[in-house]
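As structure tokens, the structure follows; a few thoughts come after it.
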Amino acid sequence: MGRDKVFVTRELPAAALERLANHCEAEVWGEFRPPDYDVILDKIGELDGLLCLLTDRIDAPLMDAAPQIKVISNLAVGYDNIDIAAASQRGIPIGNTPGVLNETTADFAFALLMATARRIPEARQYIHDGKWLTWHPTVLSGQDIFGATLGIIGCGRIGAAVMRRAQGFNMRVLVNSLESADEIRRLGGEKATLDELLCNSDFVSLHVPLTDETRHLISQRELNLMKPTAILINTARGSVVDPRALYAALRDGEILAAGLDVTDPEPVPLDDPLLTLDNCLIVPHIASASVATRAKMAEMAVDNLIAGLQGQPLPTCVNPEVYQRG
Ligand code: DGY
């Protein structure tokens, strides 16, 4: 019997690729940009496994072109790039990489919060623009973090990790999520409706997955509810926020600032109006990008792929219902 064939849609840390090579015949896409959809479509008919990224759209037609695929392993905790219902219908297990990126992503959400609150990117630009002529009592004044109120929308593993950081800053934490009021209290927060949270928070941090329900969860109405001094932080998915409504709210001073690790679309086009705003800090989807965490994510994605090739349950499977089929 020949070795299983897999396609890996981007270079991974070397250790993960070496391990993969011991188990199967792996073709790795070596370009910096993702392969086009048609490239994956061309290859998938021959594949036993696919290791893909959040930039790869994996839909039903692609799965239908893959008669022998045993596993699809996504190198991300989020999996909105994959049609999970279609995968489950076809009995294809889908792996993701939860857990290992919680603290790294929470660190980064807090970094965005602090950078926007204290206007660090603007301050850096101020020096580069030759404007630092003297110490001045009001120049580049920002918002206090210590003792402020943080609203966390979505209190799964990453939201809870953000809450732990907020406790070190003596923040009141309002939480809008599916967890019970008791569970949220145990974590140190107060359960709130979405509107209560938006009206009362100095910072609002998003930690929900992208689904039909959360697409444009933060739109004009929600931004209008926020305080004019409030700051929005998004390390979840860009489409959780309506970008046009956000632009208008930031431009018109309906909210003070935003810190975005994720945008809609990605990459953010260079002519996107959000890039013209000093009060909008955008970075290129790097919240989980520490060397150690990205290495762990790659190991997990490889673990899922190998397990799937061997007919074993994936260690972290987003559609375990595939194992209940007869
Ligand atoms: C994820 O894993 O879903 C992040 O967005 C990238 O690390």
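Every read-out reported here was derived from the displayed coordinates using simple, explicitly stated rules and does not represent laboratory data. Fair warning: this is a prediction, and the values are worked out from it, not measured in the lab. Neighbour counts run over all protein chains shown; Cβ positions are idealised from the backbone, glycine included.
Sort Asp56, Asp64 by Cβ crowding within 10 Å, fewest neighbours at the top.
Working: Asp56 23, Asp64 11.
Exposure proxy ranking, most exposed first: Asp64, Asp56.
For the stretch 196-292, count the residues as N, evaluate 2.2 N^0.38 Å, and divide the Cα radius of gyration by that value, please.
So the stretch 196-292 has a normalised radius of gyration of 1.02.
For Lys227, which aspartates and glutamates qualify as cross-link partners when the Cα separation must be under 14 Å and same-chain residues fewer than eight apart are set aside?
Within the straight-line limit of under 14 Å, Lys227 reaches these aspartates and glutamates: Asp195, Glu196, Asp202, Asp252, Glu254.
Return Met114, Met297 ranked ascending by Cβ neighbour count within 10 Å, so the fewest neighbours appear first. Intermediate values should be presented prior to the final figure.
Numbers: Met114 17, Met297 26.
Going from least to most buried by this count: Met114, Met297.
Give the long-range amide H neighbours of Ala230: residues separated by 5 or more places, or on another chain, with amide H under 5 Å away, using H modelled in the peptide plane at 1.01 Å from N.
Leu256
Give me the compactness ratio for the stretch 1-143, meaning the Cα radius of gyration over 2.2 N^0.38 Å. The partial results should precede the final answer.
On the way: Rg = 22.1 Å, N = 143, 2.2 N^0.38 = 14.5 Å.
So the Cα radius of gyration is 1.52 times the expected 2.2 N^0.38 Å.
Fewest to most neighbouring Cβ within 10 Å: what's the order for Cys155, Cys280?
So the ranking, lowest neighbour count to highest, is Cys280, Cys155.
Sorted from largest down, what three extents in whole angstroms do the Cα atoms of the chain have along their principal axes?
Cα spread of the chain along its principal axes, largest to smallest: 75, 50, 32 Å.
Of Lys70/Lys296; Lys5/Lys296; Lys191/Lys296, which ones are farther than 27 Å apart at the Cα?
Lys191/Lys296, as the Cα separations exceed 27 Å there.
Computed over the Cα atoms, what is the radius of gyration of the stretch 87-219 divided by 2.2 N^0.38 Å, N being its residue count? Present the calculation step by step, with values, prior to reporting the outcome.
Values: Rg = 18.3 Å, N = 133, 2.2 N^0.38 = 14.1 Å.
Compactness ratio reported: 1.30.
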